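K.L.:
The structure's right below; bear with me while I get my questions together.
The values are calculated or read from the model by the stated rules, or taken from the named source; none is laboratory data. Treat the numbers as computed from the prediction; the structure is a model and nothing was measured. Because the Cβ atoms are built from the backbone with ideal geometry, glycine has one as well, and the counts that use them run over all protein chains shown. These area figures cover heavy atoms from the full protein model, side chains too; ligands, DNA and RNA do not enter into them. Shrake-Rupley method; radii C 1.70, N 1.55, O 1.52, S 1.80 Å.
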Number of protein chains: 2
Amino acid sequence: MAIRRPVPDQLSATLAALADPTRRAILGRLARGETSVTELARPFAMSLPAISKHLKVLERSGLIARGREAQWRPCRLEAGPLKDVAGWVEHYRRFWEDSFDRLDDYLKKLQSEAKKHERKK
Amino acid sequence: MAIRRPVPDQLSATLAALADPTRRAILGRLARGETSVTELARPFAMSLPAISKHLKVLERSGLIARGREAQWRPCRLEAGPLKDVAGWVEHYRRFWEDSFDRLDDYLKKLQSEAKKHERKK
């Protein structure tokens with residue numbers, strides 16, 4: 001049975017939005033509290049339009065929301081899509097934990113061989 | 001002090017590679033064990049060159065490795081980059097847990113108000 005090629009989905013949109021260090025830095029700033037676009041742009045050597053473009057990507061993927069009420073339209077972090085990323089990656093935890101266990105076993109083996117070698121000298 | 005715009009990094013490459021449902025499905029298949037490209041391509045309604053393109057993206061970002069020894073060059077999952085994704089997203093856990101707590105509080109409030117309303121009838 002053929003699996004049809006899945007259409008781009010919410011999780012893909014979230015991951016694509018996160019695949020940029022500036023956008024991740026913006027989320028990092030918003031984790032400290034909601035703020036204006038001008039304030040967000042300040043630490044970056046970027047123009048306001050460039051920052052606005054990044055904010056639009058984050059907003060479309062639901063990672064931030066912007067206030068409608070105030071003149072300064074504060075940006076705030078929306079954590080729902082991040083929870084979905086955490087949920088997805090969690091399925092693979094056993095793989096990295098396994099590989100660290102194997103590395104740990106290997107290092108212990110190397111150590112015990114080194115000790116044997118020392119004793120022979 | 002201006003933060004210089006960060007250059008594309010390993011985490012960005014990983015997230016971009018994961019931002020595709022076919023590539024995530026390939027990782028899901030490899031979680032069940034290493035396999036050949038032909039076997040990997042079978043459940044997808046895609047050509048071998050199309051699958052190979054996805055595998056190259058996964059390989060470049062370190063999410064899979066391919067055997068050099070055997071003729072069939074088996075693909076296997078490499079979990080290191082996934083661990084980095086989990087580590088990054090973990091910093092935001094308190095945000096989605098908080099928002100679920102708030103939703104829970106809100107639902108309890110609604111329930112108690114509904115009960116009060118019932119009693120008045």
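K.L.:
Could you give, in nm with one decimal, how far B:Glu34 is from each other copy of that position, shortest first, with labels 7 Å out from Cα toward Cβ?
P.N.:
Label-point separations across copies, in nm and ascending: 5.2.
K.L.:
Which of the residues in the stretch A:78-118 lose at least 20 Å² of accessible area when you go from the chain alone to all protein chains together (probe 1.4 Å)?
P.N.:
Buried-area filter returns A:Ala79, A:Leu82, A:Lys83, A:Val85, A:Ala86, A:Trp88, A:Val89, A:Tyr92, A:Phe95, A:Trp96, A:Phe100.
K.L.:
Nearest 20 debye, what's the magnitude of the dipole of the stretch B:25-121 about its Cα centre given +1 on Lys and Arg Cβ and -1 on Asp and Glu Cβ?
P.N.:
With Lys and Arg at +1 and Asp and Glu at -1, about 400 debye.
K.L.:
Distances in nm, one decimal, shortest first, from B:Ala45 to the same residue in every other copy, taking the label point 7 angstrom along Cα→Cβ.
P.N.:
When each copy's label point is compared with this one, the spacings are 4.9 nm.
K.L.:
Set the bar at 22 Å for Cα to Cα. Now go through A:Lys83/B:Lys83; A:Lys56/B:Lys56; B:Lys56/B:Lys83 and name every pair that lies beyond it.
P.N.:
Pairs exceeding the cut-off: A:Lys56/B:Lys56.
K.L.:
When the Karplus curve 6.51 cos²θ - 1.76 cosθ + 1.60 is applied with θ = phi - 60°, which whole-Hz ³J(HN,Hα) does each residue of the stretch B:104-117 get, with x for Gly and Pro?
P.N.:
With the stated coefficients, the stretch B:104-117 comes to 4, 4, 5, 5, 4, 5, 4, 4, 5, 5, 4, 5, 4, 4 Hz.
K.L.:
Mind giving me the FRET efficiency for B:Tyr106 and B:Arg42? R0 is 51 Å, r the Cβ-Cβ distance, nearest 0.05 is fine.
P.N.:
So, using R0 = 51 Å, E works out to roughly 0.60.
K.L.:
While we're on this one: If R0 is 41 Å, what FRET efficiency do you get for B:Gln10 and A:Gln10 from their C-beta distance, rounded to 0.05?
P.N.:
0.95
K.L.:
Now a separate question. What's the carbon and sulfur percent of chain B's accessible surface, probe 1.4 angstrom, rounded to a whole number?
P.N.:
53 percent
K.L.:
Moving on to the next point. Name the residues whose placed amide hydrogens come within less than 5 Å of the amide hydrogen of B:Ser36, ignoring near sequence neighbours (fewer than 5 apart) on the same chain.
P.N.:
Those lying under 5 Å, H to H, from B:Ser36 are B:Cys75.
K.L.:
Considering only protein heavy atoms, what per residue accessible area in square angstrom results for the stretch B:16-121 with a 1.4 angstrom probe?
P.N.:
62 Å²
K.L.:
Taking amide H positions as placed 1.01 Å from N in the peptide plane, with prolines and chain starts having none, which residues 5 or more places from B:Ile64, or on another chain, fall under 5 Å of its amide H?
P.N.:
Answer set, sorted by chain and number: B:Glu59, B:Glu78.
K.L.:
Run the reach check for B:Lys116 against lysines, Cα to Cα strictly under 22 Å, same-chain hits fewer than 8 apart removed. What comes back?
P.N.:
B:Lys108
K.L.:
Roughly how large is the B-A contact in terms of buried accessible area, totalled over both chains, probe 1.4 Å, nearest 100 Å²?
P.N.:
Summed over both sides, the interface buries about 3500 Å².
K.L.:
Now, a different point. Report, in debye and to the nearest 20, how large the dipole of the protein assembly as shown comes out about its Cα centre when Lys and Arg carry +1 and Asp and Glu carry -1 on their Cβ.
P.N.:
60 debye
K.L.:
State the answer as a single residue: which of B:Tyr92, B:Gly62, B:Ser52 lies farthest towards the positive end of the charge dipole of chain B, with beta carbon charges of +1 for Lys and Arg and -1 for Asp and Glu, about the Cα centre.
P.N.:
Farthest towards the positive pole: B:Tyr92.
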